[in-house]
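Peer 1: The structure that follows is given in the form of structure tokens.
Throughout, read-outs are computed from the coordinates displayed, never taken from laboratory work. Since the structure is predicted, the reported quantities are computational estimates derived from the model, not experimental observations. All Cβ positions, glycine included, derive from the backbone under ideal geometry; neighbour counts span all protein chains shown.
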Amino acid sequence: MKLKLISFAILLFLSAQFVALADGATRNIKINLVEDAAGTLSGTITDKADGKPIIGATVNIPDLRKGTITDVNGKYSFGTVPKGVFLVQITYIGYLTVTQRVDFSKTSVFDVKMQTSSLEAGEVVVTGVSKATEIKRSPVPMLAVGKAYLEQRAASGNVIDQIATLPGVSAVTTGPNVSKPFIHGLGYNRVITLQDGIRQEGQQWGDEHGIEVDQNSIDRVEVIKGPASLSYGSDAIGGVVNLISPAPVPEGKILGSVQGLYGTNQGLYNGSFRLQGNQNGLIWGTVVSAKGSKDYQNEHDGRVYGTNYREKDARVMVGLNKSWGYSYLHASVFDDEQSIPDGSRDSLTRKFTQQITEDDAYRPIVPNSVLNSYKIPTLHQHVQLYRIYNNSNFILGNGNLAVNLGFQYSHRREYTHPEDGDIAGLNLHLSTYTYDVKYNFNIGNDYETTFGINGQYGNNTIGDATDFPIPAYHQFDVGPFFVIKKSFGKLDVSAGARYDTRSFSNAAAYVDTLGAKGYPQLYTGSNPETAANVTKQFDAFSKRFSGFSGSFGATYNVSDAFLIKGNISRGFRAPSIAEISANGPDPGSQIYHIGDKNFKPEFSLQEDIGTFLTLPNISASVEVFNNNLSNYIYQQQVLAADGSPVYTQGYTTFTYVQSKARIYGGEVSVDLHPISWLHFENALSLTYGENKGNGGPIADSLKYLPFIPPLHIHSELRGTFNGGLGKLKSLYAFVGFDHYSAQDRFFAAYGTETYTAGYNLLSAGFGGSIVNKAGQPVIKLFVEGTNLANVNYQSNMSRLKYFDNPTVPEGVRPGIFNMGRNISFKVVVPFGFNTNKKS
């Protein structure tokens, strides 16, 4: 551990030197390439109807990570901008967003007249594209949500839950703090989670831990719905979730906030402090957070033992933003302690019980004092992620060179011995180095072109433990790619290709079954074949997987109000280490995993088509997709000849298998604006997953894929009163309704999944800001209530649905139910000041 921390500190120091030298190291580039290519940009933002200046409008240049706000005269300015064509975005509440590409080599004054509108249009994304692009012009299905959306989802315990109700997005959960993103029925190692474009690595194959990111440090989320292997390589076959940290504040500003949140159901507390600054292009910022909870509750189960948690987070950022581009260094620490639920109950009272001895001969009922405590029990998991990464973008010639480099150290421990609480049952150390280099430029007649290469190197160790589900291993990924885009009037076309290679290697591993204190431990002696009580856990293994990815898509803007887009893409995914090499128990998931080293890589072929309508009082969209997968890998339970579960070392045994599969469905969205302040938003998401087998007839119990979300309908009536009343501004209130149909298309074979009943959930919320004389908010308040009807329900995406005793009394619905009624209160106190007189 000390060695890892020393390595982390060294990399932090070296990266800091890289940022510090970036300005000087690029001075020659600046002289040769940009000396005569630096310009300025300024302008005035006014109301189109009356010509009055718009005060406080945000002017943003996403590709340069530059932003500013208009003054009392509606004016804005950027001191230096490189000469080239960049997308400029102007936003202001109550007005139609303006997005326009501006040639800074020809334009230094850019005035905009904004039109009042109740529509949220013109959303810009940076994920998976060479340059910032409007979502409506990208043929790849994408969606994005910003800070306002995330702030108003106060009740969610993590950032994935905050987006899990978006069309096409869901989450597999293990309680309120463990959520893994699923996109169109695919998750785990099929969806890549990024932070600021850097892929996150932390044993994604595991069920019982979530995404190691502080939700308070995320201001924006962008989602690619479908194969994104073209830009991100293996594991993006299902899509990408990019979690984006706060953008730099305007020049000459220091801005910050203090926030606190309390949730009534589980006594959730979540506090965070944020501070950011920008002085002459020197960018810096920090976020420090802490949160925790008791066990959550519902009317059916009472408080659910083993679902409390405690989390501490910190991150810092420092960088430069100059005429030659930008270079930002980020460092963060994520530290989470999470209880491990197992669902065991007393056979008479159905109250939860706890393991107190190693032989587990007797389990007492968990006392109320423990259920109502914030204290983490002896049996728990401890997940830490240390991360350092650099995002750099250099203006070179008529293009830009983007360089993203990262290092992560993931330390995951599960403490599963009640009489020896300091001995970890599972102890995984994963160090990962990621690299992503690409050059974006225009060739010919404005063909936007990107050539790049990215990948990673990972090293995983498994020592100091008593359980060994996966081996120690080395992994190396590399993938060169290119993307080209071109606009032909109303038609936007893009295409690209990529070739990936992933290599695995691990040495043989042996386990001493009677190690220290009688627990199994990794054998490090010289004669494992002849040593007493020593068995082979893993064979030596080395394998390489490779494959081709590609995509072609187009968007046709029939008019300003209507467009059609379509895309076809081939995705590639190499098997994960668990899928090819697992042979051991994972205590937190209550599963003994068995892999298959003969697996082939997965390939997908997905077709997407969508239509989008935007009118003054209505916006609507229809999107459908069809995804055919070969060599699809999934887990199924192992049963004995009499149909009973097979237990290995006390855990339910699951093995990985492969087959052909098809996932298809779509989303429909309708947003009505009968009057300017009222929105009636509706969205329907439907996903079907079919197991196609490997030839021959398919048994009914094998027809469907696991973890496929049911039909979901979300409706929300929302009022927004931006003008407010007196010192109360940006007021909003909403009532939401969510319908989840019964899931009767489930993977029933071997008892892997069971039928899930349908349910309806009611939510509501309100909030707003108190402003000072200058119109700046001094307090923001957000109140949100979820499951207000206190419905007892089980989601088919919840793993706790299957946590119970082996024998359940007749007439009792098995498993643990989801959270009951919860009301969250969130208060944000922003502050800030100018650092120069001119501002």
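Peer 1: Using the Karplus equation 6.51 cos²θ - 1.76 cosθ + 1.60 (θ = phi - 60°), what ³J(HN,Hα) coupling, rounded to whole Hz, does each residue of the stretch 316-330 give in order, writing x for Gly and Pro?
Peer 2: 9, 9, 9, x, 10, 10, 10, 5, 7, x, 8, 8, 10, 10, 10
Peer 1: How large is the convex hull of the C-alpha atoms of the stretch 51-181 per residue, in Å³?
Peer 2: Once divided by residue count, the hull of the stretch 51-181 is 140 Å³.
Peer 1: For a quick check: sort T752, T70 by the number of other beta carbons within 10 angstrom, fewest at the front. Present the calculation step by step, with values, prior to reporting the outcome.
Peer 2: Numbers: T752 19, T70 23.
Final ranking by Cβ density, sparse to dense: T752, T70.
Peer 1: In terms of modelled amide H atoms, which long-range or inter-chain residues lie less than 5 Å from the amide H of I237?
Peer 2: Excluding prolines and chain starts, which carry no amide H, the hits are A228.
Peer 1: Starting from the Kirkwood radius over alpha-carbon pairs of the stretch 295-434, derive D by Stokes-Einstein at 37 °C in a medium of 0.692 mPa s and give it in µm² s⁻¹.
Peer 2: Working: Rh = 18.4 Å.
Estimated diffusion coefficient is 178 µm²/s.
Peer 1: Right, here's the next one. Tabulate in residue order the Karplus-calculated ³J(HN,Hα) for the stretch 676-693, using 6.51 cos²θ - 1.76 cosθ + 1.60 with θ = phi - 60°, rounded to whole Hz; enter x for Gly and Pro.
Peer 2: 4, 8, 10, 10, 10, 9, 9, 9, 10, 10, 9, 9, 10, x, 10, 8, 8, x
Peer 1: If you take all C-alpha pairs in the stretch 160-234, what percent of them are over 15 Å apart?
Peer 2: Details: 1492 of 2775 pairs.
Result: 54 percent of Cα pairs exceed 15 Å.
Peer 1: So what's Rg/Rh here for the stretch 527-597, counting alpha carbon atoms and using the Kirkwood radius for Rh? Can you show the working numbers first?
Peer 2: On the way: Rg = 23.5 Å, Rh = 17.3 Å.
For the stretch 527-597, the value is 1.36.
Peer 1: Still on this structure, please answer the following. Which of the peptides 237-245, 533-541, 373-381 is most tightly packed, and how do the rest follow, going by the mean number of other Cβ atoms within 10 Å of each residue? Kindly include the intermediate steps, with their values, before the conclusion.
Peer 2: Details: 237-245: 25.9, 533-541: 14.9, 373-381: 17.8.
The peptides rank, most packed first, as 237-245, 373-381, 533-541.
Peer 1: Name the long-range amide H neighbours of V778: under 5 Å, sequence gap of 5 or more, or other chain; modelled H, no Pro or chain starts.
Peer 2: I770, V771, N772
Peer 1: Counting Lys +1, Arg +1, Asp -1, Glu -1, what net charge surrounds N691 among other residues with beta carbon under 10 Å of its beta carbon? Intermediate values should be presented prior to the final figure.
Peer 2: On the way: positive: K660, R662, K692, K703; negative: E690.
For residues surrounding N691, the net value is +3.
Peer 1: Taking amide H atoms as placed 1.01 Å from N in the peptide plane, list the residues 5 or more away in sequence, or in a different chain, whose amide H sits under 5 Å from that of G515.
Peer 2: Under 5 Å from the amide H of G515: Q521.
Peer 1: Find the all-direction average of the projected area of the Cα convex hull for the stretch 616-748, expressing the result in square nanometres with one decimal place.
Peer 2: Values: hull surface 54.1 nm².
For the Cα atoms of the stretch 616-748, the hull's average projected area reads 13.5 nm².
Peer 1: Would you please calculate the Kirkwood hydrodynamic radius of the chain over all C-alpha pairs and express it in Å, rounded to one decimal? Each step should come with its number before you reach the end.
Peer 2: Values: mean 1/r = 0.0355 Å⁻¹.
One over the average 1/r among Cα pairs gives 28.1 Å for the chain.
Peer 1: Could you work out, for the stretch 546-659, what percent of all Cα-Cα pairs fall into each 5 Å distance bin, beginning at 0 Å and stopping at the bin that holds the largest distance?
Peer 2: Cα pair-distance distribution for the stretch 546-659, in percent: 2, 10, 14, 13, 11, 10, 9, 8, 8, 6, 5, 2, 1.
Peer 1: Compute, for the stretch 583-719, the length of the dipole vector about the Cα centre, with Cβ point charges of +1 (Lys, Arg) and -1 (Asp, Glu) only. Units Debye, rounded to 20. Walk me through the numbers before you get to the answer.
Peer 2: On the way: 7 positive and 13 negative charges, 74 e Å.
Roughly 360 debye, rounded to the nearest 20.
Peer 1: In what order do T450, T687 fall by count of nearby beta-carbon atoms within 10 Å, going from fewest to most? Each step should come with its number before you reach the end.
Peer 2: Details: T450 21, T687 25.
Placing the least packed residue first, the sequence is T450, T687.
Peer 1: Now, a different point. Tell me which aspartates and glutamates have Cα within less than 17 Å of K52's Cα, excluding those fewer than 8 residues away on the same chain?
Peer 2: D71, D111
Peer 1: Cα extents of the stretch 686-839 along the three principal axes, largest first, in whole Å?
Peer 2: 76, 38, 29
Peer 1: Let me ask you something else. What lysines does K83 reach when the alpha-carbon gap must be under 16 Å and sequence neighbours fewer than 8 apart in one chain are set aside?
Peer 2: In chain and number order, the partners are K30, K66, K106, K131, K322.
Peer 1: Once the convex hull of the alpha carbons of the stretch 418-482 is built, what does its volume come to per residue, in cubic angstrom? Could you put the intermediate results ahead of the total?
Peer 2: Numbers: hull volume 6.7 nm³, N = 65.
Dividing the Cα hull volume of the stretch 418-482 by its residues yields 104 Å³.
Peer 1: By how many degrees, 0 to 90 and rounded to 10, does the Cα axis of helix 2-25 deviate from the longest principal axis of the chain?
Peer 2: Compared with the principal axis, the helix lies near 10 degrees.
Peer 1: Let me ask you something else. In Å³ and rounded to a whole number, note down the convex hull volume per residue for the Cα atoms of the stretch 255-311. Don't skip to the answer; put the middle values down first.
Peer 2: Details: hull volume 4.1 nm³, N = 57.
Here the figure is 72 Å³ per residue.
Peer 1: Exposure proxy check: H679, H382, H739, H593 ranked by fewest other beta carbons within 10 Å?
Peer 2: Working: H679 21, H382 18, H739 15, H593 24.
Result, fewest neighbours first: H739, H382, H679, H593.
Peer 1: Calculated from DSSP H runs of 4 or more alone, at -39500 (n - 2.57) each and per residue, what is the 222 nm mean residue ellipticity of the chain, nearest 500? Walk me through the numbers before you get to the answer.
Peer 2: Numbers: 6 runs with 47 residues, N = 839.
Taking each H run of at least 4 residues, the total per residue is -1500 deg cm²/dmol.
Peer 1: OK, next. Report the full-extension gain for the segment K75 to N722: residue separation times 0.36 nm, less the Cα-Cα distance, to one decimal in nm.
Peer 2: 230.8 nm
Peer 1: Beyond 16 Å, what percent of the Cα pairs of the stretch 614-653 remain? Can you show the working numbers first?
Peer 2: Details: 524 of 780 pairs.
Summing the P(r) of the stretch 614-653 above 16 Å gives 67 percent of all pairs.
Peer 1: Ok, one more. Starting from the Cα of V258, step 7 Å along the direction of its Cβ; do the same at F476; then give the gap between the two resulting points in nm.
Peer 2: 5.1
Peer 1: Another question about this same structure. Residue by residue through the stretch 657-668, what is 3J(HN,Hα) from phi via Karplus (6.51 cos²θ - 1.76 cosθ + 1.60, θ = phi - 60°)? Round to whole Hz and write x for glycine and proline.
Peer 2: Karplus-based 3J(HN,Hα) across the stretch 657-668 equals 9, 10, 6, 7, 8, 9, 10, 8, x, x, 9, 10 Hz.
Peer 1: Under 23 Å from the Cα of K826, which lysines turn up, not counting those fewer than eight places away in the same chain?
Peer 2: By straight Cα distance, K826 reaches K147, K291, K294, K312, K727, K729, K780.
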